[in-house]
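**Q** I have a structure here, written as structure tokens, and I will follow up with some questions on it.
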């Protein structure tokens, strides 16, 4: 029996993906485009962002790159205005940009603390601040924030990252309460260790050989492997789609059972 409607379809929807030039952001931009969305890739890395948009276009999707520092209010306001001007609407916002510094509070420099909190937490606030009025004017939409398993429980040598991601998880709940009346759903996706440039950089910060660090990161999970960017993108697609029409304020853990 055929379905009347593909509930995963992103046709006629516009998605904004921060940190979209690589890793989970790129995998999500690619997947949303595969399902029919027009995608605005937002990133500070201009070369990688243009390359990412080009790859999606070459595969038959629709993607445009916008250079943006998500810690800058001026940049975020400008990019949201440009996306609205080009596409007329914004239906999906994936606040994914993030960084990490693997240190304790004693070892962290103040500038490192600010850097991690600003990119992950302030960036999500700023992009949401300017997207929500556009999204509400279009009848609603879905915002997905990238949290982390370490936003739900603690982790070692990652004080700023844990603080930022814990903030993301609870910011998500607050936004869900505030903007449900505008038909805007807000959820967080909380990955476990996923094979991305960010994870590999963590190994370098900790002074662990890359293959050994990846092996260690996969240990202890019931599914006995690292996540892939596509694993996380699949969860974002669900949260962006009509399949999750009654899901808001949730933290969806995608970690191979690491928190089980």
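The values are calculated or read from the model by the stated rules, or taken from the named source; none is laboratory data. Note that the structure is predicted; figures quoted are calculated from it, not measured. Don't worry about glycine lacking a Cβ; one is built from the backbone with ideal geometry, like all the others, and counts go over all protein chains shown.
**Q** For the range 227-251, how many residues meet the condition of being surrounded by fewer than 19 Cβ atoms within 10 Å (Cβ to Cβ) and more than 20 Å from residue 20 (Cα to Cα)?
**A** Summing the residues that are surrounded by fewer than 19 Cβ atoms within 10 Å (Cβ to Cβ) and more than 20 Å from residue 20 (Cα to Cα) in the range 227-251 gives 7.
**Q** With the condition kept exactly as written, say whether any residue in the range 55-76 is at pLDDT 95 or above and closer than 21 Å to residue 140 by Cβ.
**A** yes
**Q** Closer than 21 Å to residue 82 by Cα, surrounded by fewer than 24 Cβ atoms within 10 Å (Cβ to Cβ) and either touching a residue at least 24 places away in the same chain (Cβ under 8 Å) or touching a helix residue (DSSP H, G or I) at 6+ places or on another chain (Cβ under 9 Å) (or both): does that describe residue 48?
**A** yes
**Q** Would you please name the residue that is farthest from residue 131 (Cα to Cα), looking only at residues in the range 17-36 that are touching a strand residue (DSSP E or B) at 6+ places or on another chain (Cβ under 9 Å), in contact (Cβ under 8 Å) with a residue 60 or more places away in the chain and part of a loop (DSSP other than H, G, I, E, B)?
**A** Residue satisfying both the conditions and the ranking: 22.
**Q** Taking the condition surrounded by 16 or more Cβ atoms within 10 Å (Cβ to Cβ) and closer than 28 Å to residue 246 by Cα, does residue 183 pass?
**A** no
**Q** May I ask you to verify whether residue 127 is assigned to a helix (DSSP H, G or I), touching a residue at least 60 places away in the same chain (Cβ under 8 Å) and under 25 Å from residue 35 (Cα atoms)?
**A** yes
**Q** Among (1) assigned to a helix (DSSP H, G or I); (2) within 15 Å of the chain's Cα centre (by Cα), there is one condition residue 112 misses while meeting the rest; what is its number?
**A** In the conditions (1) assigned to a helix (DSSP H, G or I); (2) within 15 Å of the chain's Cα centre (by Cα), residue 112 misses (2) alone.
**Q** Considering only residues that are more than 23 Å from residue 224 (Cβ to Cβ) and in contact with a strand residue (DSSP E or B) (Cβ under 8 Å, 6 or more places away or on another chain), which ones fall in the range 246-256?
**A** 247, 248, 249, 250, 251
**Q** Counting just the residues of the range 126-136 that are out of contact with any strand residue (DSSP E or B) (no Cβ under 7 Å at 6 or more places or on another chain) and buried (at least 18 other Cβ atoms within 10 Å of the Cβ), which one comes out farthest from residue 87 (Cα to Cα)?
**A** By that ranking, first place goes to 126.
**Q** Next up: Looking only at residues in the range 66-102 that are buried (at least 24 other Cβ atoms within 10 Å of the Cβ) and part of a strand (DSSP E or B), which one is farthest from the chain's Cα centre (by Cα)?
**A** 92
**Q** Something else about it: Quick check on this structure: which one of 259, 206 is touching a strand residue (DSSP E or B) at 6+ places or on another chain (Cβ under 8 Å), farther than 30 Å from residue 6 by Cα and surrounded by fewer than 16 Cβ atoms within 10 Å (Cβ to Cβ)?
**A** 259
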